[in-house]
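Data block below; observations after.
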Amino acid sequence: MSAQRDADSAMPGFYAAQGIRKSYGAIQVLKGISLDLKPGRMVTIMGENGAGKSTLFKILAGQVPPTGGTLRLAGAPVALASPSAAHARGIYLVPQEPALLPELSVAETMFVGALPTRGGPLGRRVDWAAMRARARAALDALELPIDVDRPARTLSIAQQQQVECAKALLRGCRIILFDEPTSPLTSHEVEHLFSIMRRLKADGCTLSFISHRMDEVLEISDEIAVLRDGVLVDVVARPSFDRARLLSRMVGRPLKAVPRRAASNARDEVALEVRGLSDGLRFADVGFSLRRGEVLGLAGLVGAGRTEIAETVFGVRPAAAGEVRLGGAVVTGLDCHAMIRRGLVYVPEDRARHGAVLPMTITENVTSGLLDRVRRRAGLLSARDEARISAAAVRDFRVRCAGLDQPLRELSGGNQQKVVFAKWMTTGPRVAILDEPTRGVDVGAKEDIYEMIDAMARDGMALLVISSESEELVRLCDRILSIYEGRVVAELSGADISPAAVARSYLTAAAPSGGVAA
Amino acid sequence: MSAAAARPAADPRPGWRDRRELVLVAVTAASAGAVGIVNPGFLTVENLRFVALNSVVLSIVALGQTLVIAMRGIDLSVAPLMGLSAMVCGLLAQTHGLPLWGAVGVALAIGLALGTLNGVLVAALNIPPIITTLGTYSLFGGLTFLYSDGTQVDQVPPAYAAFGNAGPLGLPVPTPVLVLLLVTAACWFALGHSRFGRAVLAVGNNAAAAYNAGLRVAVIRIQVYALSGLLACLGGLVFVCYTGSATVTTGTGDHVELQSIAVALVGGTLIAGGRANVLGTVLASLFLSTVLTALVFLQVPPIWYSAGEGLMILVAVRGGTRRAAGRA
Ligand SMILES: Nc1ncnc2c1ncn2[C@@H]1O[C@H](COP(=O)(O)OP(=O)(O)OP(=O)(O)O)[C@@H](O)[C@H]1O
Ligand SMILES: [Mg+2]
């Protein structure tokens, strides 16, 4: 057995972590992780928010130095002083938050650090033509229709993620680590990514992957490693995968599964009414009404225009036509500050760009939504009140942190998401628009967030939920509108709601007779 | 290209609406013309030559500043560095008869050494650039004071004066203008077409992402501050040759640090980093020189000059942030 492993471990592309430890100050994030990544195999890492998954990947990719332990590549120990050292050895990390270079073109962001050059009369110069051609070829190979001349700041999250994948291939890296690549993607895009991953695997690349979505993990993995509190608690190989066992190993407690909400809390009073709303660009003639206590879902593919609709209702995008009423009063054209004062909040999907202030502490982030209100009361928020509010938020949302004074930057991705969510909920809104509320949140905490949404609806809050996970909409919503290319194409309610019906409602919309306007 | 992607690509080829250069040329020509109507003396060949030559020193210093701002940094110490270089080169020439080539070497050595110091403080010790260069601002100013020991430069040898005012080999174009052309071409090529320059822009866009993409961010930072120091000192040398004088307030007295930041921003470089416009910096210096000279011709009290510069910075930064806010 061990002789076999020794022989294997000398193979090119065999990448092993041995006893990897990592501490930040007194906090031990990784407590001796030993894991083998093998050519032609996909090893998936699962675990709760803050378990240490991203930290492990950053160490494997040279972005963060380990406190202890060794990395071995093809049997020989390697020290990775920097990401470039990792790239030189063929190791590439597709990060959890794709890192944008907003002012550069897509092609250039793909080549940063390795721009192709050619000789010229003035010395070596960047070969723009070759760069664009190679960038285009790399995107074409993955069947990604992205214009390489666009400024990177115009890419959606899904596109940024896709560009990152193409970037890894461009650099000829054969050991590729994906940190939650699927969390911003729809099921269709996930399938696309998986077909790419399968191709890479067949080609002998060494792959590893982090995800919170059990179904896709079971589909793509050859091995699943479960991380809990910085310890590797389980490694199972196909075919002995067992969903229940994985879940309980991950969370350390049994989980109850609630497939669909029991009863509607909807009351008669209309909280938010939208009529004939268009932005003249991405969506047209959108109308719905949302009652107090009701949870309304917006289903659709990424890029269908759901985020744009939400942003227009919230007042951060101008409306070209139509009307928005909040509690009966017309609020069309008001800016978002006025909306927040009137009790409407929007929790955006892209926490890196909106919502999260990374250098500030958890408490400052949680209470930042309240400051406006405090100022208008001409009062001050006492430090004790602040601490009480943020302690409640950390408890309710199960934020894993070292303390309330920890800067948000130091939290894991999923925990940052929970803090942003908590911030908006502490303002006590009457209507909340939640855009992908559980993006990057682990299974255990997901259920907590669902329960909080149920509770808020019971208290009479009206909720509009945008999600790319059909199961999530089914679990949460009283009613679901299906959006296809900026139009409402179907409405589902009551017993009609099922994951299959949700997916079908927008996928069949491409056919001209498929739509039923709400 | 879909409707959503209608925004033109920013790099490497900007759309026409982003062409600050044309706007700057038009505004400069219009201001000069307007002043000429009031006071025809402004449009004489001598005066226009004076305006142009006057902008050269600022342009050279501001090109260094442009590199720094493109990287999302700031260099306040360019003003005292320019003064230090002018003082050291000028005094060595005046009292020890240092040959011109020696002065070039001295200026470049001072610039490289002290610029590198800035870079190391910023990159290795992780001190924010505005604090670092505020500190070295005082330090370099103090060095000038110590070195000059109460004296000042009021006359330079003929070779220096010729370098500062006449053209080489009997050419009609003064040497400083040629030096500026060379520096501008080098910066333009570097930022637009060299690996180094594109790395500078990548760091300015997002330093963490640039690091993760494999760039040696700390090294690039040090190099850029070194270049900024180098250009500031080259500017100081040109200044002492051209004017034949240097005092302890050369550079700092005219607030060259603010002027250089202002013209970089007016020229189209983003204060948040990541985008630079080399030609814009040079044209904006020419514009500032035109305006400052015009104020003299219009007999505006000098006390208003810095108010005008301040206004220019505000307008430029406002334009830059509006564009940044317009990002999708
Ligand atoms: N720079 C840092 N300083 C202090 N603590 C940190 C730092 N970076 C991460 N941590 C802590 O390390 C722990 C593990 O974080 P990590 O990002 O690896 O989690 P994760 O498993 O990827 O979670 P998620 O599923 O939410 O992405 C977290 O509790 C986090 O707060
Ligand atoms: Mg993570």
*asked:* Out of all DSSP beta bridges in the protein assembly as shown, what portion is antiparallel? Express it as a percent rounded to 5.
replied: 55
*Over chain A, how many percent of alpha carbon pairs lie in each 10 Å bin up to the one with the longest distance?*
4, 17, 27, 26, 17, 7, 1, 0
*Using only Cα atoms, find the angle between the long axis of helix A:443-458 and the longest principal axis of chain A, and express it within 0 to 90 degrees, rounded to the nearest 10.*
10
*Counting other C-beta atoms within 10 Å, which of A:H192, A:H212, B:H96 has the fewest, and how do the rest follow?*
B:H96, A:H192, A:H212
*Please state the relative contact order of chain B as a whole percent: Cα pairs under 8 Å, 6+ residues apart?*
33
*Amide H contacts under 5 Å for A:G69, placed H, 5+ residues apart*: A:R21
*Of B:V78, B:V156, B:V238, the one that fluctuates the most in a GNM where chain B has Cα springs shorter than 10 Å*: B:V156
*Would you look at the GNM of chain B, springs on alpha carbons closer than 10 Å, and say which of B:G280, B:G36, B:G73 moves the most?*
B:G36
*Taking θ as phi - 60°, what are the ³J(HN,Hα) couplings along region A:288-296 by the Karplus curve (6.51, -1.76, 1.60), each to the nearest whole Hz, with x for Gly and Pro?*
6, 10, 10, 8, 4, x, 9, 10, 10
*Just need the relative contact order of region A:101-154 here, percent rounded to a whole number, with Cα pairs under 8 Å and 6+ apart.*
51
*Top of B:L298, B:L201, B:L279 by mean-square fluctuation, Gaussian network on chain B, Cα under 10 Å*: B:L298
*Long-range amide H contacts for A:F14: which residues qualify at under 5 Å (H placed 1.01 Å from N, peptide plane, sequence gap of 5 or more or a different chain)?*
A:A74
*When you have a sec, figure out the Kirkwood radius of region A:101-154 from all distinct Cα pair distances and drop it here in Å to one decimal?*
11.6
*Which value in deg cm²/dmol, rounded to the nearest 500, describes the helix-derived mean residue ellipticity at 222 nm for chain B, given -39,500 (n - 2.57) per DSSP H run of n ≥ 4 and division by the residue count?*
-24000 deg cm²/dmol
*May I ask for the angle, rounded to the nearest 10°, between helix A:413-425 and the longest principal axis of chain A, with both axes built from Cα atoms and the value confined to 0 to 90°?*
10
_From the phi angles alone, apply the Karplus equation (6.51, -1.76, 1.60; θ = phi - 60°) to region A:391-408 and give each ³J(HN,Hα) in whole Hz, x where the residue is Gly or Pro._
5, 5, 5, 5, 6, 4, 9, 6, 7, 8, 8, 7, x, 5, 8, 6, x, 4
*Which ³J(HN,Hα) values, rounded to whole Hz and listed in residue order, are derived for region A:35-49 from phi using the Karplus coefficients 6.51, -1.76 and 1.60 in 6.51 cos²θ - 1.76 cosθ + 1.60 with θ = phi - 60°, glycine and proline given as x?*
8, 9, 10, 10, x, x, 10, 10, 9, 9, 10, 10, x, 5, 4
*Give the long-range amide H neighbours of A:G300: residues separated by 5 or more places, or on another chain, with amide H under 5 Å away, using H modelled in the peptide plane at 1.01 Å from N.*
A:I483
*Whole-number Å³ per residue for the convex hull built on Cα positions in chain B*: 146
*Let a ≥ b ≥ c be the square roots of the eigenvalues of the Cα gyration tensor of region A:42-160; is it rounded (a/c under 1.5), or, if not, prolate (a/b larger than b/c) or oblate?*
oblate
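A short reminder: the numbers here are calculations on the coordinates, not readings from a lab. Here the structure is a predicted model, which means the values were calculated and not measured. Glycine gets a Cβ as well: all are built from the backbone with ideal geometry, and neighbour counts include every protein chain shown.
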